[in-house]
Each structure stands twice: as structure tokens, then as C-alpha cells.
Amino acid sequence: MYNMLVGYIEDLKDYTISFNDALIELEKETDKVEIINTIFRVAHTIKGNSATMQLNKIKEVMHTMEDILYDIREGSRLMTSELVSVLYSCHDFLEDCISVIVIEHTDVNINTEKLLEKLIRIKNTGLVKLSSEINNDVGISDFDEQGTKEFPFTIIEDMQELIRENMNRGLFLYHISIDLDEDTEMKKIKNVLIFNDIEMQGHIIDARPQKLQQEDMANAVIVFNHLHSDFLVLSEKDRSEICSQLDLDVDIVAYECKGISDRQFADYCDLNKNGHFIQDAIDHINKIKIEALDMRSDYVKNEAIEKILNNFRHISEIIKNSESYYAKMIITKMSDVLNSMDKNNISFDVNDMQAFVFLCTKLAELVEDPSLEVNGNFISQIEDRMMIFVEKYRHERRRIGDLLVEEGIISQEDVKDILELQKKEYSNLKFGQVAVLGKKATADDIINTLLKQNDESVTGKAIDSDDFIRISSQKVDLLVEMLGELSIYHTELEQFTKEELKKTDKTYNLMPKITKSIKGIQELSMSLRMVSVKSMLHKLTRISRETAAELGKKITIVLNGEYTEVDKNTAEKVMDPLMHLVRNAIAHGIEDEATRIARGKSLAGQIKISAASRGGHVFFEVSDDGGGIDKELIYNKANEKGMLEEGKIYAEDEILKFIFHPGFSTQEAINSVSGRGVGMNVVEEEVLRIKGRVEIRNELGKGCSFIIKIPMNLAVLNGTIIELEEERYIIPTLYIKQFLTLEEGNWISLQGEKKAVRIRDSIIPIITGEDITRKKSIYNENHIKEVAIIEFEQKQLALMINKVLGRQEIVAKPLNEDSFRAEIFSGASVLSDGNVTKVFDIEALYKLI
């Protein structure tokens, strides 16, 4: 039972993330059917799982939520902002449930009263009927359980087309039913009068009974005792206007004015010929199954794809007026897969063919019996098989320019410039090469983006639900640690084979293969620790939304780089700083509406949250289009607190950094969000703990950006071992541009001291052994002639070294904070001889210049 509970909790975590992602999308498009279906499936699945685990309180909440979502899917309820808020409450409820169940293994102590009260109130209210107050495209059913079978009218095809054209022009189609009092006198005359009244409201398409003619009125033989009448009316009037007119007739004891949607009318038009259409669709589906058998052969594949797509187009046309969402979904998604296969020259395997034929069979069943749409088991079979089938083929190699924009490395304008440059001057080069030549991106940026492009392509090639297993993060951490130890032993063995064994020895010759395998395992194991920042960004969206609501501000939220990956531990540690930055951006950055209007801005402020990976680092940026930071206000507050050095002239970036001091705040009034002076101090402290830094970009009156830069935090890296002042150090190879032996003419002296070197046309500052050790060098300055040229963010420095000892894969581990000069090292590694060697933090070295 315990193992089942663990599985339930893990599933619940996954479904909660999916729920949150869908809610974020729902706020952008409240009427998107696929999003609502996703939330419905989440509620349905959690309800079933909770019932199995006897977690009845969760089951009850999900069941009530599912009922409301079912109404929305059926078109009898509209998605409102209140309902979106309640759905967010349901999401928060599930997150709270996870915490409780982990500890208590039951939900009996979870309070669901208030949430259920909200859900039940919404469930019992808010159902709508189609009228002119609701757009016909909503497709809300006004028919009773008999549906279109209660439609009493006969309409010829030409008239059907005319009705459709008028509905497309904005007219409304109504079915008006009227019941007269049994005591109504002169029923013939009443029939004519009612017709006259209805004709005043619109154009009568058909009626039951028909309007009596003048000769019928005078014919005593014709008896007219009808008390019930039905009218099919096209009108531009509001339903309420029609009803108000009917209310005036005292002989009418009951009436109903039903709006008819486009789809409902189309269903009626298909009634008489539906049998023929169904058979036609089934015939096309059978043809598709036969053609699918050719999909394994490259020779006939393209022709087979075209034939299948053509049959799908015929089926789409046949069922275009049907309300069967899943039938249309199967056709759309399988057509997308076929187009992707054709584009990427991919063939079916046997499993694909089986899945394809299975989905075709389900499509045929849906065409024959649309009521299967509400059969949960039937739909689950389709969705499960469809997910596996579509995911396998949906990934296409995206253009590198699009990926660079997504990662925030270049802008759309940069893309245009690069393409123009490529066209005019570098037609023989690829986009990435031109981007580097045009200084729009670095070589590291292009390489990292190409790796992501390749990962996307590989990821999409073979996905099966059985291919996924859950592994605890503790096991992954242990695996990485053990591989780190293995790397050390491997280095020792490699050194031993080079020194002690002959090249003819079998062990010597096996070492390159062993090295390659261990490196591959290391890279794979490190990738297991990497997680997408998507869920982080979505949580920050929630925090933004709640903070804005709390402060009564309107905001829009823009997310970039959702698929950027970062080490799991790093992701957890950076979440709090990002949360503080988001809340501060809304509290301090976004102005009130009156101020924004006066400044010519939109009423809603914009909060932009971005993530990108470049050059071994991950960048998070939180920006707003608010008022920016008033540096004079910061300066005066710092002066008031006695934080200024007497006589010192402060640059703008130095002034802005005062906001990171403990207790510093310019907010006069304290509220639940800001004013206590602890937020920004926490941001800097937390970021420094993970070897990161915070930058501020500010423009008064236009907005402010905070950029957090943190290392990827990968434990295994390629390092170059150098000797400096008789000590060994490691430089991450990624940042080494070249090693040079200097001539006397390379040196540049300032005030008698060698402070820089000239390499070609560049003057590069130097860092000496004394800068690193803070001790007088044991070497004469003329003795050291070799330097490592290090490049970081397009800036260079020259590190003076004694010699290069070698290069190898190393396992970097954190240094103790009290280690000597810990601020310039990112970690340390144990080399093959057992000695601990420190790894330079390249960014920190630049601060020594």
C-alpha cells in the first residue's frame, strides 16, 4: 500500500504541474478547447486515482471541478475570471494536499469546506442558453435530450444554404414554440395574428402549423383547433426583444425562444443524408488503412502519404459540421504527423503502423456513433495512443535563428540583419557563422544552441510511455558522485598506462575506448540532473498574478526561454531570489494607473521573466516597464543612513547597489509585499551562495531589469592544469583562447610596471601570481614569459603562468567558504596524484584587473 501511495503522490505532482501549465495558457485564451480538455482530463484522472487510494476529500473536490468543466466542454457554461480564480484555488489545494499526504498518508484532516462551497455555488449557477446575447459560434445547445430529433421543420437544400449565409452575416436563428390557452376563441384568427406578430420580429423560414390563407379563413369546412405552434425564424433582434413581444399576448400560456447555433443547424441539415455520409467516411477510412500498409517502404511512402492525406481531407469535409471534437482531433494530428514524416523522410515501423490503424478504427467508431465522445474509457484509449504516436514524430529541427531569439541571445531585428548580411556578403556561410562574424552572438552561443537543436531532434524520435521511469533525485546525486570518483581513478589509470605500459600492451590500447565510454556516461548522468525552468517560470507567473491582485495593479506577464535547462539543485536555490525580484518589480516598479496614463503607457504594466543559457552560465532576467529606480532617491536615503564615504563620487551602478544592503528601503509605508528592507538583501545573499551575481539595468521612467547570472553548476568539466608560483591550478578549458610565449616587445609598462601585453592590435591586461597568492613572487619578472589568454564575454585577460601541465576531465566540488581566496575559485578537484587543486572562477578573475 505504501508503494502505491508513493506512486500516487508522484503522479499527483505531475498532474499538478500540468494543471498549472494549462491554467497559465487558459489566462491567455479562455475559450481554447484543448486547454479546457487538458484540465478536464487532469481532474478526471486525479478523481479516479484518489478514489482508488480512498482519499475521498480530494476525490470530492475533483469530482465537483470535473462537473463544472464538463459543462464548459459541452458549451452550457462560459469560462469566467471568477472560475479561473477558483481553478487556481483548486491547483493550490492539490499542492497543499501533496504536503499533507506525504506526512499523514491520508486526507481526512484536509479542510475542503470553503473550496467546495465555491465550486458548488458555481456549479449550481451560471449555466447559459444560446441567444443573441451569446455568439452563435459558442455552440451552446438549447435542445432538450432529444436534440435535433425535436426539430419539426423541413428545409430544402437551397434554403439551408441561404440560412447559413444569413447566420454568417450576423442574423440569429430561433426556434419559437408557443402554447395557447385552451379557452382561446377564434383560433383561426389567432393563428394569423400570431404569424403577424412573429413576422414583425424576423423572417419566418418554416412553421408548424402553416399560416392559414384567406380562403381557409372563410371555409367553414376547415376546422382549426391547434394550440401549439412552432416557428423557425431568422432575426437580427435580441432574444429578449422577441420574448417581450410574446409576453404581451394574454392568450399565450407558455412559450420558448431557443437560439440555434451554426453546428446545431448543420446537424439538422445532415439528418436525412447522414447515413450516406457515414458510409462515405467509413469507406475513406478503410482506404487509409490499406494505404498505411505501404508506409514501411521508402519507395512508395511519399505516394502513400499523399493518398492518405487526400482521404483525410475527404473525411474532414464530410464531418466538418459534426460536433465530434475527437474525430476532428484524430484527423488533424495524424495529418500533422504524416506531413512531418514526409518533410523529414521518415518511415513507419510495425508499432507505428499498429497505432495508426488503431486510431483509424477509433475514428470510424466515432463517425458511426458520436455519443462515444462522452465515454471516458473510449476517449482515454484514443488520448493515450495519440500522445505516444504524435510525440514520436512531432519534433522537427527548428531554425537556429528562432532558437537564438527564444534564448534571448539575439532579437528579431538581429535575425533580419544577419540574414541581410548573409545574403550580401557571406552567402557561402551558415546563419550561425554570420551571426558570430556580425558580433550578434559568440561561438559559445552558437554551439550551445546547436546542441539544443540536436537534443530537440533526438528527443522526438522515439518516445513511448513505457520508456519513462521515475528515479529519486538522491539516486541521481549518488550516481554523479560515484562517477566523479570513477573519473579520478580513471585519470590515475590513464596516467599509469602512459608511463608504465608499452604501446603494444592490450591495456594501453583499450584506454581510449574506456575513456570515451566513461566520458559518455558522465555527460549522460549530468544531464539527468538538468531540469527545465518552465515550471519555475510558471510559478513566478502565479506569484506575479497574486501580487498584482493584492496591490490592485493590472499587469501582463511575458515568459521567454521556458525550455532552458539548469541543474536541479541550482533551480531550487534561485527560486527565492527570483520570487523577491518579481514581487519587487510589481510593488516598486509598476506605477499606479494614473501615473501610467500620464506617462503615455498602457494601463497594464508588463513584467517580463526570461531565462537563457550562455557560455556555461544560466541567466535569469526580471524586467518591468515601470518607473525605474530613482538613483537620487537611493543616494539621499543612503546618505541619510550614513552609508556614503565622505568625498567619494559615486557612479550610477554603485548607487544602485545600495538597495542590496540589509535594511535598505525607500518605501515609506510597509505592506505585505514591501517596505521592510529585507527582500533585495536576501536576493544578493542567496545568489552569492551559488556563486552567482546580480546586475541592474535601469532607465528612469521606462523600467528596470535585474539579471541573475549563475554557473551551470556541472560537477564534471574539462580543465587545463597549469603551474603558477609552484602551485597547480585548473582553468576551465572552455575559456582559454590560447597560450603564448611573450617577447620583450609584447609588454606594456605603466609607471615602470608591466601591466598589460600587446597581442597583435589588442592590449590585454595581465594578472600575475602575486595577484592570485597575495604574496611576493618567487620569480623574477623576466623569468615568466608564458601567459594564458582567457576570454570571457568578449573580454580578454592574460594570466601569467610558469607552464602548462596537461588537460583532463575533472570533478569539481565546492570549496569551504573560509578557504584562502575562495572568492576567486569556483571549486576544487582531486587530481590523479591525490592532491587537491583549485578551479579558477573566470568571472572573479576579471575583478582582479
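The values are calculated or read from the model by the stated rules, or taken from the named source; none is laboratory data. From a predicted model like this one, the values you see are computed outputs, not experimental measurements. Positions of Cβ are generated from backbone atoms using ideal geometry, with glycine treated the same way; all protein chains shown enter the neighbour counts. With ligands, DNA and RNA removed, areas are computed over all heavy atoms of the protein, side chains included. Shrake-Rupley method; radii C 1.70, N 1.55, O 1.52, S 1.80 Å.
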Worksheet item: Can you tell me which residues in segment 477-507 are among the hydroxyl-bearing types (S, T, Y) and over 49 Å from the mean Cα position of the chain (by Cα)?
Response: T497, T504, T507
Worksheet entry | Residue within segment 472-490 that is open to solvent by 40 Å² or more (accessible area, probe 1.4 Å) and touching an Asp or Glu at 6+ places or on another chain (Cβ under 9 Å) present | no
Practice prompt. Working only within segment 227-262, note down all residues that are farther than 24 Å from K187 by Cα, open to solvent by 60 Å² or more (accessible area, probe 1.4 Å) and in a helix (DSSP H, G or I).
Written response: R239, S240, E241
Worksheet item: Taking the condition over 24 Å from R542 (Cα atoms) and of a type outside the set (S, T, Y), does A51 pass?
Response: yes
Response to the item:
Output for Cβ contacts, cut-off 7 Å, separation at least six or different chains, first residue farther than 16 Å from A207 by Cβ in segment 183-194, second surrounded by 13 or more Cβ atoms within 10 Å (Cβ to Cβ) and modelled with pLDDT of 80 or more, reads T184/K190; T184/D251
Fill in: Only listed residue being over 30 Å from F496 (Cβ atoms), in a helix (DSSP H, G or I) and over 21 Å from the mean Cα position of the chain (by Cα), chosen from A549, A571
A549
Worksheet entry | Residue selected from segment 684-698 under the condition touching a Ser or Thr at 6+ places or on another chain (Cβ under 7 Å) and at pLDDT below 90, by the criterion surrounded by the most Cβ atoms within 10 Å (Cβ to Cβ) | K691
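Take residues that are in contact with a Cys (Cβ under 6 Å, 6 or more places away or on another chain) and either open to solvent by 50 Å² or more (accessible area, probe 1.4 Å) or over 15 Å from I772 (Cβ atoms) (or both) and tell me which of the strands (runs of 3 or more DSSP E) falling wholly in segment 795-847 contain 2 or more.
Once the strands (runs of 3 or more DSSP E) in segment 795-847 are filtered for at least 2 residues that are in contact with a Cys (Cβ under 6 Å, 6 or more places away or on another chain) and either open to solvent by 50 Å² or more (accessible area, probe 1.4 Å) or over 15 Å from I772 (Cβ atoms) (or both), nothing remains.
Going by the structure shown, is H203 over 16 Å from Q214 (Cβ atoms), open to solvent by less than 60 Å² (accessible area, probe 1.4 Å) and assigned by the TED database to the domain that holds D262?
Against the criterion (over 16 Å from Q214 (Cβ atoms), open to solvent by less than 60 Å² (accessible area, probe 1.4 Å) and assigned by the TED database to the domain that holds D262), H203 does not qualify.
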Worksheet item: Say we look at segment 554-574 and pick out the residues that are β-branched (V, I, T) and either free of Cβ contacts under 8 Å to residues at least 24 places away in the same chain or closer than 20 Å to I607 by Cα (or both); which of these is most open to solvent (accessible area, probe 1.4 Å)?
Response: T556
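Yes or no, residue by residue, for (1) open to solvent by 40 Å² or more (accessible area, probe 1.4 Å); (2) in the same structural domain as T361 (by the TED database); (3) modelled with pLDDT of 80 or more; (4) not in a helix (DSSP H, G or I):
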site: D280; (1), (2), (3), (4): yes, yes, no, no
site: Y299; (1), (2), (3), (4): yes, yes, no, no
site: A304; (1), (2), (3), (4): no, yes, no, no
site: L309; (1), (2), (3), (4): no, yes, yes, no
site: F312; (1), (2), (3), (4): no, yes, yes, no
site: I315; (1), (2), (3), (4): no, yes, yes, no
site: E323; (1), (2), (3), (4): yes, yes, no, yes
site: Y326; (1), (2), (3), (4): no, yes, no, no
site: T332; (1), (2), (3), (4): yes, yes, yes, no
Worksheet item: When you go through G139, G147, G126 one by one, which is the residue that is modelled with pLDDT under 65, closer than 30 Å to H538 by Cα, open to solvent by less than 70 Å² (accessible area, probe 1.4 Å) and out of contact with any Cys (no Cβ under 6 Å at 6 or more places or on another chain)?
Response: G126
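When you scan segment 581-630, how many residues do you find that are part of a strand (DSSP E or B), open to solvent by 40 Å² or more (accessible area, probe 1.4 Å) and at pLDDT 90 or above?
If we filter segment 581-630 for residues that are part of a strand (DSSP E or B), which is where we start, we get 605-614, 617-624.
Now drop any that are not open to solvent by 40 Å² or more (accessible area, probe 1.4 Å), which leaves 606, 608, 614, 621.
Add one more test, that the residue is at pLDDT 90 or above, and what stays is 606, 608, 621.
Residues that pass the stated criteria total 3.
On the basis of being in the same structural domain as I696 (by the TED database), within 19 Å of L26 (Cα to Cα) and among the charged types (D, E, K, R), does K553 make the cut?
no
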Worksheet item: Among the residues of segment 595-614, is there at least one that is of a type in the set (D, E, K, R) and without any contact (Cβ under 8 Å) to a residue 12 or more places away in the chain?
Response: yes
Worksheet item: Is there a residue in segment 156-165 that is in contact with a helix residue (DSSP H, G or I) (Cβ under 9 Å, 6 or more places away or on another chain), at pLDDT below 80 and in a loop (DSSP other than H, G, I, E, B)?
Response: no
Discussion item. For segment 367-378: of the residues being under 21 Å from N286 (Cα atoms) and of a type in the set (A, V, I, L, M, F, W, C), which is modelled with the highest pLDDT?
Written reply: V367
